[in-house]
Amino acid sequence: MSNVPTSKAITEFLTSHLNLVLATTRADGTIQMTPVWFIWEDDSFLISTVKRTVKWKNLKRDQRCSVIADDPAIHYVSASGKAELIEGDVYDATQRIVQKYKTPAEIDKYMREIYKEGDRVIIRLKPDRMHTYNIE
């Protein structure tokens, strides 16, 4: 994984931004896109999911992926690279992601609900390439 330089403005945008779309490659070579919850941490995107999802299955076969975070004011960050697939105890990372989207009163109940869906895993993308528009 290469070190893609990030600025304070990029970090602020990704830390506060809610929308992220993850693109993975299906077995037939076509692209599958999924809106996902994420956090930007240590110059990496962290995404929590379950093993039964198409995105996880795609990444198990081909770890190349891309993401884009955009907003209506025509700002965006797009990034790509090879995902690191993290299995095992991912509760703390998943909780950090959930904290971005849920109120403190909602977190415990939500965590219990999503853990009923199956084994949770983390997709970590430390970009090899990053492009921004209207972000310094």
Practice problem: Of the numbered conditions (1) more than 20 Å from TYR133 (Cβ to Cβ); (2) at pLDDT below 95, SER16 fails exactly one; give the number of that condition. | Solution: (1)
Quiz item: In segment 64-84, is there at least one residue being closer than 27 Å to MET111 by Cβ and either of a type in the set (D, E, K, R) or more than 14 Å from the chain's Cα centre (by Cα) (or both)?
Solution: yes
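Here's the yes/no breakdown for (1) loosely packed, with under 13 Cβ neighbours inside 10 Å; (2) hydroxyl-bearing (Ser, Thr, Tyr); (3) out of contact with any Cys (no Cβ under 6 Å at 6 or more places or on another chain):
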{"site": "ILE47", "(1), (2), (3)": "no, no, yes"}
{"site": "LYS51", "(1), (2), (3)": "no, no, yes"}
{"site": "VAL54", "(1), (2), (3)": "yes, no, yes"}
{"site": "LEU59", "(1), (2), (3)": "no, no, yes"}
{"site": "THR94", "(1), (2), (3)": "no, yes, yes"}
{"site": "TYR101", "(1), (2), (3)": "no, yes, yes"}
{"site": "ILE107", "(1), (2), (3)": "no, no, yes"}
{"site": "GLU117", "(1), (2), (3)": "yes, no, yes"}
{"site": "ILE123", "(1), (2), (3)": "no, no, yes"}
Practice problem: Would you point out the residue of segment 4-45, among those that are more than 27 Å from LYS116 (Cα to Cα) and of a type in the set (A, V, I, L, M), that is surrounded by the fewest Cβ atoms within 10 Å (Cβ to Cβ)? | Solution: ALA27
Quiz prompt | All positions within segment 23-52 that are touching a residue at least 12 places away in the same chain (Cβ under 8 Å) and β-branched (Val, Ile, Thr) | solution = THR24, THR25, THR34, VAL36, ILE39, ILE47, THR49, VAL50
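The values are calculated or read from the model by the stated rules, or taken from the named source; none is laboratory data. None of the values given here were measured: they were computed from a predicted structure. Cβ sites come from the backbone with ideal geometry, for glycine too, and all protein chains shown count toward neighbours.
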